[in-house]
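Notes to accompany the following structure.
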Amino acid sequence: MNETLFVQLLDLACGGLLLTAVLVLWRRELVVIIHVFAVQGAALAALVGVLAVHEDSIELGAVAAGVLVLRAGVLPYLLRRALASAGEARRETRPLVNVAASLLTAAVLTLLAYAVSRPLVELAPSGLMSPATQAIPIGLTVVLIGFFVLVTRRRALSQLVGFLLMDNGITAVGFLTTSGVGLIVELGVSLDVLLAVLVLQILTARMRETFGDTDLDELRELRD
Amino acid sequence: MSLVAVGLGGALAAGVLTALAAVVVPRRVRSAVAGTGTVVTGGAGVMAGVGAMTGSSLSVALPGLLPLSGVSLTLDALGGLFVAVTGGVAVAAGVYGISYTRSHGLDARGVQVVFPLFVVAMLLVPAAASVGTFLVCWELMALFSLLLVVAEHRHRPEVAQAGRWYAVMTHLGFVAVLIGLLVFVAHAADDSFPALREAGRHLSPGAAGLVFVVTLAGFASKAGILPLHAWLPRAHPEAPSHVSALMSAAMVNPGVYGLVRVGFDLLGGGTLWWWLLVLALGAVSAVYGILQAAMSTDLKRLLGQSTTENMGLVLVGVGAAGVFATSGNRVLAGVALAAALLHVINHAAFKTLLFLAAGSVLHGTGARDLDALGGLRAGMPQTTAAFGLGALAASALPPGTAFVSEWLLLQALIHGLPAPGATGGTAAAIAMPLAVAAVALTAGLAVATFVKAFGVGFLAKPRSAAAGNAHESPPAMLVGMGLAGVACVVLALLPTLVLPAVGTVSGVALGVGDPAVSGAVTVRLAGVAGALSPLMLTLALLAAVVLVVGAVRVVAARRARRAARLWDCGGGPMSARMEYTATSFAEPLQRVFDDVVRPEQDVDVTHHEESRYLVQAVEYRRKVPDRVERRLYEPVLAAVAAWGRAGRRLATGSVHRYLGYGFYTLCAVLILVAVTR
């Protein structure tokens with residue numbers, strides 16, 4: 001793969017990551033959000049795959065396949081199952097911050113991520129890996145947008161997606177900075193995420209059984 | 001192997017083995033095993049302490065025992081004195097505890113395991129030779145004592161409250177000591193005491209002053225000095241009595257030890273204002289503590305407040321020693337410090353005796369309130385004798401124990417007027433006479449307090465059925481009291497047995513060669529034209545008493561005698577209700593010191609339904625609150641509570657709000673990073 005093609009593919013994958021993160025903020029249908037999340041998983045896998053091809057690393061290729069299966073296949077499937085059992089509440093009806101303001105905030109967060117990661121970008125040696133290092137702010141932006149989703153969305157499922165968005169962002173930053181975390185590390189992180197999603201799915205189901213709703217603000221009365 | 005090594009090693013081994021044994025042995029013999037083990041621990045401690053005071057010393061370093069700092073122990077003469085005192089108190093309390101714990105339901109594993117460990121921790125504090133070791137031992141001592149204080153929390157709700165006060169105050173004190181010593185260590189090569197001693201010489205006055213004041217706050221809170229005394233009259237009385245004795249007689253002493261060690265030894269003497277501060281705190285604590293004790297009607301609480309008084313007197317001595325040392329009069333400083341250290345020993349002896357006797361009263365009657373006692377002389381003669389001896393020892397009257405040390409203290413203060421033109425002359429010239437007045441006032445009030453405690457509590461007629469049915473304590477408790485009583489008598493009549501060693505210790509602590517005090521029967525002071533012979537004084541006193549009694553007998557024998565009922569104004573036989581109570585005894589004093597103690601009185605008159613000219617009932621309540629507590633602690637506690645309520649508004653229970661806190665903080669930090677880079 002020549003250098004130009006590598007840079008173009010890498011930027012495409014990163015653009016996909018950022019675009020899907022913003023789409024999660026934009027759309028209100030929970031089904032659509034899950035689709036978008038699956039696309040983001042695929043973009044992340046593509047990012048890892050591009051890196052693998054560029055480095056001729058079979059191990060990294062295996063990781064890319066794993067990421068694809070987990071983040072574009074298993075996790076969306078689990079989310080969809082949780083949604084199917086959720087019944088009526090299929091829309092994020094009243095987010096704490098409305099969609100227009102959310103999109104503006106996403107823009108501000110992107111700027112913030114770029115400003116903060118400047119020293120990291122400057123650290124990069126001007127050679128082999130510099131295109132990847134240049135893309136670090138994208139990963140950071142996805143983390144921040146994921147956190148923002150956690151803070152502003154009410155449905156338990158949107159919260160779950162926010163959490164997974166953060167994890168996607170962290171994974172992306174990891175790959176972009178180190179050009180390949182070890183297989184074992186990635187395996188451990190993936191299992192962690194899978195477990196967290198399974199637990200949260202059970203919690204969501206329990207919440208609905210108990211309160212008939214998955215609006216997290218209903219939990220307010222539980223204190224003391 | 002030297003005496004010190006055998007003693008300290010033996011004490012450690014005995015204490016830990018006793019704790020282990022108390023876990024495994026059956027309940028029947030547990031009290032006996034734990035008590036005997038504690039006696040052995042204390043005895044070994046006395047051996048180590050005496051060995052260290054008579055010249056030999058010990059240094060042990062165990063770097064692997066604690067992570068990071070390791071453990072290093074050095075027992076020198078100054079530490080030896082405190083180790084010996086703690087060991088002695090532990091012997092008496094251990095014997096006493098054998099019977100006391102069994103009869104008070106305290107023979108569960110918890111108390112019996114912690115008790116010897118508490119003694120071990122107290123023995124190790126003066127032997128620590130690095131800041132890490134010192135702080136660990138200090139904290140262990142605090143934790144073990146806390147566990148013992150709350151031993152009876154299931155029976156009485158006050159115990160839990162006292163435990164909370166104690167836990168908070170002792171940890172605040174620990175934090176103060178920690179901060180002070182860490183600031184000090186930051187200027188030294190490592191955290192060992194020799195390194196600190198070296199660093200203390202080059203410390204800037206500001207840093208040294210900061211270290212001294214902060215550690216002083218911590219040490220003063222341990223010694224129950226004003227205004228950090230509020231926990232002491234709560235925690236000491238609520239502990240089981242043998243623990244009260246150990247806390248009040250031994251656990252306050254590490255405060256004094258720390259002050260002397262840091263102030264004189266590590267920081268090398270410091271400046272005049274440090275010691276004037278110590279002197280002022282001591283004087284105020286002495287007067288205020290004994291005033292509170294004079295108003296108190298709870299026997300054990302009274303003894304706790306008297307501890308504040310005695311530690312105040314000790315601090316007066318330490319402060320005076322510092323003032324003399326900084327103004328160059330090292331010999332007199334030695335006398336003042338010797339007086340303070342001797343008072344530590346004397347206080348340990350008589351406070352042990354008094355608390356053990358109070359525990360015996362509690363055992364025999366179930367009451368601590370002086371207004372409900374009285375007439376114990378008939379039911380518990382040995383305890384009455386023990387408390388009477390303790391009361392005499394605590395009053396600064398010849399031939400009492402405290403008299404010797406207070407006389408020494410007064411000698412030092414009176415001769416402390418500086419030569420004209422000496423450095424800090426004006427401050428000392430004002431401070432010394434005031435200190436003399438404070439010590440004298442304290443001594444007078446102490447006499448009144450202990451006359452009240454003994455007269456109202458033990459003499460006259462019983463004021464309640466419980467006091468009437470009082471029974472004497474079992475032999476082990478009497479032996480414990482007897483040991484403490486013998487120590488009191490020896491210290492009162494032959495203080496010269498310990499004084500030379502104490503004088504040497506104070507000389508070493510101040511860096512003066514020759515001992516401050518000498519003499520075999522008569523106490524002679526270095527640099528001061530003062531001498532005292534307690535034994536001769538007592539003999540003279542006895543001779544005078546015998547002479548007067550004999551003369552009265554001879555004179556009275558000439559007149560005819562007639563036995564009749566006591567004149568009661570024709571009001572019929574006198575009942576216990578007509579007796580002087582502790583409250584009424586203290587009333588004149590309360591009137592005199594009205595502006596200081598500010599008693600709260602409340603009179604409720606209930607009128608008859610038919611006519612308001614007829615009175616149905618009159619209710620009178622009087623309470624002497626702790627004024628320092630009201631002015632200083634209550635506003636602080638109220639402010640903390642208000643903060644807590646304000647803080648609750650931050651936590652409404654909304655998950656989004658909690659997540660939002662994290663998000664906004666993260667963004668703020670990122671913006672800060674981006675802007676300030």
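Each of B:G468, B:L291, B:V486 was scored by the projection of its Cα onto the charge dipole of region B:271-553, and the greatest displacement toward the positive side belongs to B:G468; charges sit on the C-beta of Lys, Arg, Asp and Glu. If you wrap the Cα atoms of region B:271-413 in a convex hull and average its projected area over all directions, you get 8.3 nm². Sparsely packed loop sites in region B:558-601 (the trypsin sites (Lys or Arg not before Pro) outside DSSP H, G, I, E and B with at most 16 other Cβ atoms within 10 Å) comprise B:R558, B:R559, B:R561, B:R562, B:R565. Of the three principal axes defined by the Cα atoms of region B:140-260, the extents in descending order read 54, 24, 19 Å. The residue list B:F115, A:T133, A:G162 was ranked by how far each Cα lies along the charge dipole of the protein assembly as shown toward its positive end, using unit charges on Cβ atoms, and B:F115 comes out on top. For region A:48-118, the spread of Cα coordinates along the three principal axes comes to 47, 40, 13 Å, biggest extent given first. Principal axis analysis of the Cα atoms in the protein assembly as shown yields extents of 132, 83, 60 Å, listed in decreasing size. The residues B:I671, A:I34, when put in order of fewest to most other Cβ atoms within 10 Å, stand as B:I671, A:I34.
Given B:L632, B:C667, B:A646, which one lies farthest toward the positive end of the charge dipole of region B:597-677, if we put +1 on the Cβ of every Lys and Arg and -1 on the Cβ of every Asp and Glu? With unit charges placed on the Cβ atoms, the residue in question is B:C667. So what is the orientation-averaged projected area of region B:543-591, using the convex hull of its C-alpha atoms, in nm²? With every direction weighted equally, the projected area is 6.7 nm². Approximating the spin labels as points 7 Å out from Cα along Cα→Cβ, the B:T538-to-A:L120 distance works out to 8.2 nm. The phi-based Karplus calculation (6.51 cos²θ - 1.76 cosθ + 1.60; θ = phi - 60°) puts the 3J(HN,Hα) values of region B:217-225 at 4, x, 5, 5, 5, 5, 8, x, 8 Hz, whole numbers, x for Gly and Pro. Taking label points 7 Å from Cα along the Cα-to-Cβ direction, B:V618 and A:V32 give a separation of 8.8 nm. Each Lys and Arg contributes +1 and each Asp and Glu -1, all at the Cβ; summed about the Cα centre of the protein assembly as shown, the dipole is approximately 2420 debye.
Between B:H608 and B:T426, what length comes free when the chain is fully extended (0.36 nm per residue of separation minus the Cα-Cα distance, one decimal in nm)?
The B:H608-B:T426 span can extend by a further 59.0 nm.
Between B:S584 and B:T271, what FRET efficiency follows from the Cβ-Cβ distance if R0 is 35 Å, with the result rounded to 0.05? Given R0 = 35 Å and the Cβ-Cβ separation, E is 0.15. For region B:432-506, the Kirkwood radius over C-alpha pairs fed into Stokes-Einstein at 25 °C and 0.890 mPa s yields D = 150 µm² per second. If you bin the C-alpha pair distances of region B:61-186 every 10 Å from 0, what whole percents do you get? Calculated P(r), rounded to whole percents: 12, 35, 35, 16, 2, 0.
A Förster radius of 22 Å, combined with the Cβ-Cβ distance separating A:V99 from B:S654, puts the computed FRET efficiency at roughly 0.55. A Förster distance of 41 Å, applied to the separation of the beta-carbon atoms of B:L172 and B:V331, puts the FRET efficiency at 0.60.
Above 21 Å lies some portion of the pair distances; for chain A, what is it as a whole percent of all C-alpha pairs?
Summing the P(r) of chain A above 21 Å gives 55 percent of all pairs.
In terms of other Cβ atoms within 10 Å, B:Y633, B:Y620, B:Y96, B:Y166 run from fewest to most in the order B:Y620, B:Y633, B:Y166, B:Y96. Across all C-alpha atoms in region B:597-677, the radius of gyration and Dmax reach 27.6, 86 Å. Ranked for footprinting exposure by Cβ neighbours inside 10 Å, fewest first, B:W643, B:W273 give B:W643, B:W273. You can think of it this way: the chain between B:S57 and B:Y633 has 203.0 nm of extra reach, that is 0.36 nm per residue less the Cα-Cα gap.
Here the gap between B:S103 and B:D190, fully extended at 0.36 nm per residue and compared with their Cα-Cα distance, gives a gain of 26.4 nm.
Normalised by residue number, the volume inside the convex hull of the Cα atoms of region B:521-677 is 466 Å³ per residue. Using the Kirkwood radius over Cα pairs, work out the Stokes-Einstein diffusion coefficient for chain B at 20 °C and 1.002 mPa s, in µm²/s as a whole number. Using the Kirkwood radius from Cα pairs, D works out to 80 µm²/s.
Sort out for me the Cα centre separation of region B:290-343 from region B:48-97, rounded to whole Å. So the two Cα centres are separated by 23 Å.
Taking Lys and Arg as +1 and Asp and Glu as -1, the other residues whose beta-carbon sits under 13 Å from that of B:G255 total +2. What do you get for the angle between helix A:30-55 and the principal long axis of chain A? Use alpha-carbon atoms, 0 to 90 degrees, nearest ten. That works out to roughly 20 degrees. Counting Cβ atoms of other protein chains within 10 Å of each Cβ in A:109-120 and taking the mean gives 3. Value of Rg to Rh for region B:271-553, rounded to two decimals, is 1.02; Kirkwood radius and Rg both from alpha-carbon coordinates.
Residues of region B:89-131 falling in the label zone of B:R154, defined by backbone nitrogen less than 17 Å from a point 7 Å along Cα to beta-carbon, are B:101-114.
Quick note: the coordinates plus some simple rules give every number you see, no bench work behind them. Since this is a predicted model, take the numbers as computed values, not measurements. Every residue, glycine as well, gets a Cβ built from its backbone with ideal geometry; the counts of neighbours run over all protein chains shown.
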